[in-house]
Amino acid sequence: MTANREGEIEGGSRGVPETLFRTIADRLPAITYLTTGSPEGAPLYVSPRMADVLGYPAAEWADPALWRDCLHPDDRERVLAERRRTSATGEPFDAEYRMLARDGRVVWIHDEATAVPGPDGRPAFRVGVLHDVTEHREAERRASDAQEMYRVLVEQIPAITYTDAVDDEMSTVYISPQVETLLGVAPHEWVADPGLWYRRLHPEDRERALATYLRGRAEGRSFAYEYRMIAGDGRVVWFRDDAVVLRGERDEPRLVHGVMLDITERKQAEEQASFLAYHDKLTGLPNRAMFEELLDLSLARARRHGLSVAVLSVDLDDFKLVNEGLGHEAGDELLRQVAARLAEATRETDLVARQGSDEFLLLLSDLEARTPAAGTVDGPQIVAESVAGRVRELLAPPFDLEGTEVFATASMGVALFPSTAVDGRSLLKNADVAMHRSKAAGPGGCVVFSHGDGASVGRLSLATRLRRAVEREHWVLHYQPIVDLARGEVLEVEALIRWRDPNGGLIAPGEFIPLAEEMGLIEAIGDWVLGEACRQARSWDRLGLGLGIGFNLSPRQLWQPDVARRILERLDAEGVDPTSMVVEVTESTVMTDPDRAQRVLGELSAHGLRIAIDDFGTGHSSLARLRDMPVDVLKVDRSFIRDIPGDSGACSMVRAVVQLAQTLGVTPLAEGI
């Protein structure tokens, strides 16, 4: 193709006026060009649009090397090779590549060129169009980046993301790799098997989950549901599935896009919380709340069908000795083993519950209620006593607590409906009253509640009020002076606790201290006494009185493993000199375990506290033991002092104690003068 004198571009059967060609080419929004047919393609014409796209005026493209030099280095060899191939074959040239603009910008070009054959059939010219596709490429890149970011995000979250087609097979188009981690199924296996989701559903959730999925898909709305699936290793995995239906151009449901979040830990926590609401954490037995609910149901059934119900209150004897001697972990293990043995003592329809601490409850339901003949015991009582006997037998073998054998007995109380109680509340109360009667009579017994147990009811009321007094600290200390008779001087005082009962005035310690010991409340009371005595000591010191104060240690307090440390830390915290305080323990308490008592009292004495033996003469002291004890004061029991001077025997006893004290180098003290 050549240009003739008349301004025509020749080629083929007719010529095209050059002015017309240029007019058309110059107006096109793309770059048009005309080159020779050789592989190098020397430019004959380039439209002005080239200056807008690459910044080079069209006249500069007359240089054959410019196009080659503007090719991006990473694309140059590929494009030149394709140009040579199409020139040799005569095929159209079609490629996308990058070019470098004059200002350094990278411009993406879509190049389409067609060869124009000459008379000999070989390419004489090449006519082409260059499209600037940079924006399209950038859009594709942004879309690809966004897709990659979405993929990275989806594959990092602890959930399975999926896309299902809305078809009869419920086929999966895409599922994220987390499916392999959470369920042990590779993504390609899941996609290849449309029925896998349904088969992996937990049998109890399968139909419900499928119905929810199909309903949500058909309605074309977002939906959420929870279900369980079976993993490849047999684990049960809980999922919350949040799905949205994507619609097509005609508003028809086309895809279901969802996220399956693993909520197994949350479900387990909910189940644990629900379990603990009605079960004891230590033993796994039902707790008092569940016991009461099931008791009410049993009573309702008994009323409808004329049946009887029995409640057994079971309390371990001397459980505190296990905690104090072997530690709380051993005590917990004992409770677990006791719970297991109690479960063996009952029928499958009965209930064993842990009420708290070392107390258990047994519910015997659906007992036949027959009117007993005169002088006989009714059937429900026989059943209840039989179960109590079975409990006693099962508790008889020793318990193994990490190599230490421990024997345990339990005191039991029985209450029956309808013979001795009309509702659940009175049934529980009466069983507790009977249990305390049994405990008072001796370990390992069983008492059936009768309406003549008014004294026990009164004791139960006292126990309730005592707990409230400990919580609210309804106490007051009275101080009994200790006088030197020869000089008539007050040397020190003894702190004596009184219960300030809002409904009954002051209650002496003899009426509530034994019960406090039994209920495990004595430690809290003793802590309060020590703290109050310390505050009073500081107050008297400020007034210049300097009186020593004696306070009592109960047997339970004395046998606490850390009693000396606790007392010394309290004195230090209150800023009280230990030498101003006297610790009083009874003779019988000391002689229960002399070696242990000697260690505890020796530690207190070593830090300056004085030691007094209270109620001396009522126990069975060994003089050898007494000699080795760190004792500062012997207090003669008031029972001997009371009979002086009319009883010569009492006089002799007091004289002997005074002489003994003087011989041992301790101070004799007479109580109750």
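The values are calculated or read from the model by the stated rules, or taken from the named source; none is laboratory data. These figures come from a predicted structure and were not determined experimentally. For neighbour counting, all protein chains shown are included, and Cβ atoms are generated from backbone atoms with ideal geometry for every residue, glycine included. Just so you know, the surface numbers come from the protein's heavy atoms only, side chains and all, with ligands and any DNA or RNA stripped out. Shrake-Rupley method; radii C 1.70, N 1.55, O 1.52, S 1.80 Å.
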Residue 589 passes all but one of (1) under 45 Å from the mean Cα position of the chain (by Cα); (2) part of a loop (DSSP other than H, G, I, E, B); which number fails? (2)
Going by the structure shown, is residue 598 closer than 23 Å to residue 522 by Cβ, in contact with a helix residue (DSSP H, G or I) (Cβ under 8 Å, 6 or more places away or on another chain), modelled with pLDDT of 75 or more and in a helix (DSSP H, G or I)? yes
List the helices (runs of 4 or more DSSP H) inside region 513-583, counting only whole elements, that have at least 2 residues being β-branched (Val, Ile, Thr). 522-542, 563-574
Filter region 316-341 for residues that are in contact with a helix residue (DSSP H, G or I) (Cβ under 6 Å, 6 or more places away or on another chain) and either closer than 13 Å to residue 395 by Cβ or free of Cβ contacts under 8 Å to residues at least 12 places away in the same chain (or both) and give the result. 323, 334, 341
Select from region 341-354 the residues that are over 25 Å from the mean Cα position of the chain (by Cα) and not β-branched (Val, Ile, Thr) and list them in ascending order. 341, 342, 343, 344, 345, 347, 348, 350, 351
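Residue-wise test of (1) in contact with a Pro (Cβ under 8 Å, 6 or more places away or on another chain); (2) β-branched (Val, Ile, Thr).
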position: 46; (1), (2): no, yes
position: 50; (1), (2): yes, no
position: 59; (1), (2): no, no
position: 68; (1), (2): no, no
position: 83; (1), (2): yes, no
position: 87; (1), (2): yes, no
position: 93; (1), (2): no, no
In region 175-184, is there at least one residue being surrounded by 17 or more Cβ atoms within 10 Å (Cβ to Cβ), assigned to a loop (DSSP other than H, G, I, E, B), modelled with pLDDT under 90 and touching a Leu at 6+ places or on another chain (Cβ under 9 Å)? no
Against the conditions (1) open to solvent by 10 Å² or more (accessible area, probe 1.4 Å); (2) of a type outside the set (Gly, Ala, Ser); (3) free of Cβ contacts under 8 Å to residues at least 60 places away in the same chain, where does residue 583 fall short? Just the number, please. (1)
With at pLDDT 90 or above and among the polar types (S, T, N, Q) as the only criterion, which of 605, 554 stands out? 605
Considering region 212-231 alone, what residues qualify as being in a helix (DSSP H, G or I) and more than 34 Å from the chain's Cα centre (by Cα)? 214, 215, 216, 217, 218, 219
Subset of region 43-83 (residues that are surrounded by 14 or more Cβ atoms within 10 Å (Cβ to Cβ), free of Cβ contacts under 8 Å to residues at least 60 places away in the same chain and over 23 Å from residue 133 (Cβ atoms)): 64
Condition check: open to solvent by less than 60 Å² (accessible area, probe 1.4 Å) and modelled with pLDDT under 85. Does residue 166 satisfy that? no
For residue 301, which of the numbered conditions (1) open to solvent by 60 Å² or more (accessible area, probe 1.4 Å); (2) under 26 Å from the mean Cα position of the chain (by Cα) fails to hold? (2)
Residue ID - surrounded by the most Cβ atoms within 10 Å (Cβ to Cβ), chosen from residues in region 415-426 that are among the hydrophobic types (A, V, I, L, M, F, W, C) and in contact with a helix residue (DSSP H, G or I) (Cβ under 8 Å, 6 or more places away or on another chain): 415
The lone exception for residue 464 - which of (1) open to solvent by 60 Å² or more (accessible area, probe 1.4 Å); (2) modelled with pLDDT of 90 or more; (3) not charged (D, E, K, R) it fails: (2)
Are any residues in region 562-580 open to solvent by 70 Å² or more (accessible area, probe 1.4 Å), acidic (Asp, Glu) and free of Cβ contacts under 8 Å to residues at least 24 places away in the same chain, and if so, which ones? 569, 572
With 549, 513, 482, 507 as the choices, which residue is open to solvent by less than 50 Å² (accessible area, probe 1.4 Å) and within 42 Å of the chain's Cα centre (by Cα)? 513
Restricting region 230-252 to residues that are among the β-branched types (Val, Ile, Thr) and under 17 Å from residue 216 (Cα atoms), the residue that is most open to solvent (accessible area, probe 1.4 Å): 244
Restricting attention to region 218-272, report how many residues are among the small types (Gly, Ala, Ser), out of contact with any Ser or Thr (no Cβ under 8 Å at 6 or more places or on another chain) and over 19 Å from residue 204 (Cα atoms). 5
Here are some residues: 577, 541. Which one is charged (D, E, K, R) and at pLDDT 90 or above? 577
Single residue of region 260-279 satisfying the filter (in contact (Cβ under 8 Å) with a residue 24 or more places away in the chain and open to solvent by less than 50 Å² (accessible area, probe 1.4 Å)) that is nearest to residue 180 (Cα to Cα): 260
